[in-house]
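Presented below is the structure to which this report refers.
All of the numbers you see were taken from the coordinates with simple rules; none came from a lab. Just so it is clear, the structure is predicted and the values come from calculations on it, not from any experiment. Heads up, the Cβs are rebuilt from the backbone with ideal geometry, glycines too, and the neighbour counts pull from every protein chain shown.
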Amino acid sequence: MPKSNKPIVWGFFAAGGTLTAFVTPVLVVLTLLAAVGHVPALLGYDRLHALAAHWVGKAALFGFVFLSLWHAAHRLRVTLYDFGVRSDTLVAWVVYCLAATGSVAAAACLLII
Amino acid sequence: MAEQVTRRPYVREIPRLRWIFRHPRYLRYMAREVTCIFIGAYAVLLLVALGRLAQGRESYEAFLRALGSPAGIAFQGVILLFALYHTVSWFNVTPKAMPIQRGEEFVPGGIIVAAHYAGWIALSIVVLFLAGVL
């Protein structure tokens, strides 16, 4: 049987889709509350900094950013194909590299906190 | 003689964009797929927040103020709408994505979808509670 990296790519896509379906709406509500001036306690500098300083918080924040970006990248790749962009290999490289870059940037930020 | 017969296979033209509007089903499909841009955009927003958090209190609090600008609020409002559409469309296909078999029978799809909604509401309440909103 030929080896394929599809299960890995798709696995992260599905994991990201599930995680963002459950968590993204409530997180947007939290940042919207902060935006209109009712900053939730968790989003205050001290609490959020303490969360990001702990390894569990780092892992959770990194996992969320990575899976969100990967989910978006994979779905964007498939959607661009449906919009008539047929150079799938190039698109795949670009979107996965963008997702990887964002994830590395998130890891770099978290490591210096 | 047979070589003389030119085969002219029918090539169906697919317009790049207009096909979406041919059927409401296509439009719903595209709406579902396009949610990924907003899921990605929110991840970038969080990434910027992490960068500002790493730079210190001043920088982070300036970021929170920037979120409160009309553009920041509108941006997040649109993200919220698409995030909710993503949640609904993701949950509604779960019976097809991961059917659960009990003995001979499959668990009815409605139960799987309802369980996801119940879990989502419970989790959202827990997050709001932990964040100090409730």
Query raised in the report: What's the center-to-center distance, using Cα atoms, between the stretch A:38-58 and the stretch B:115-134 in Å?
Result: 18 Å
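Tell me, A:THR89, A:THR31 in order of fewest to most beta-carbon neighbours within 10 Å?
Working: A:THR89 7, A:THR31 21.
Listing A:THR89, A:THR31 from fewest to most nearby Cβ atoms yields A:THR89, A:THR31.
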Query raised in the report: What spacing in nm lies between the two simple spin-label points modelled at A:VAL78 and B:VAL107, each 7 Å away from Cα in the Cβ direction?
Result: 2.3 nm
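Could you tell me the relative contact order of the stretch B:16-92? Use alpha-carbon pairs under 8 Å, at least six residues apart, and round to a whole percent. Intermediate values should be presented prior to the final figure.
Numbers: 30 pairs, mean separation 28.5, N = 77.
Reported relative contact order: 37 percent.
Relative contact order (percent) for chain B, with alpha-carbon contacts under 8 angstrom and 6 or more residues of separation? Spell out each step's value before the answer.
Working: 50 pairs, mean separation 22.8, N = 134.
Relative contact order of chain B: 17 percent.
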Report summary line: Straight-line reach check, A:LYS58, cutoff 17 Å on alpha carbons, 8 or more apart in-chain or any other chain, hits among lysines -> none
Report task. Between A:LEU33 and B:ILE37, with labels modelled 7 Å along Cα→Cβ, what's the label distance in nm to one decimal, could you check? Result -> 3.0 nm
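Compute the relative contact order of chain A as a whole-number percentage, counting only Cα pairs closer than 8 Å that sit 6 or more residues apart in sequence.
Values: 81 pairs, mean separation 35.3, N = 113.
Value for chain A: 31 percent.
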Report task. In whole Å, largest first, what are the principal axis extents of the Cα atoms in the protein assembly as shown? Result -> 85, 45, 41
Query raised in the report: Which whole-number value in Å³ per residue fits the convex hull of the alpha carbons of chain B?
Result: 264 Å³
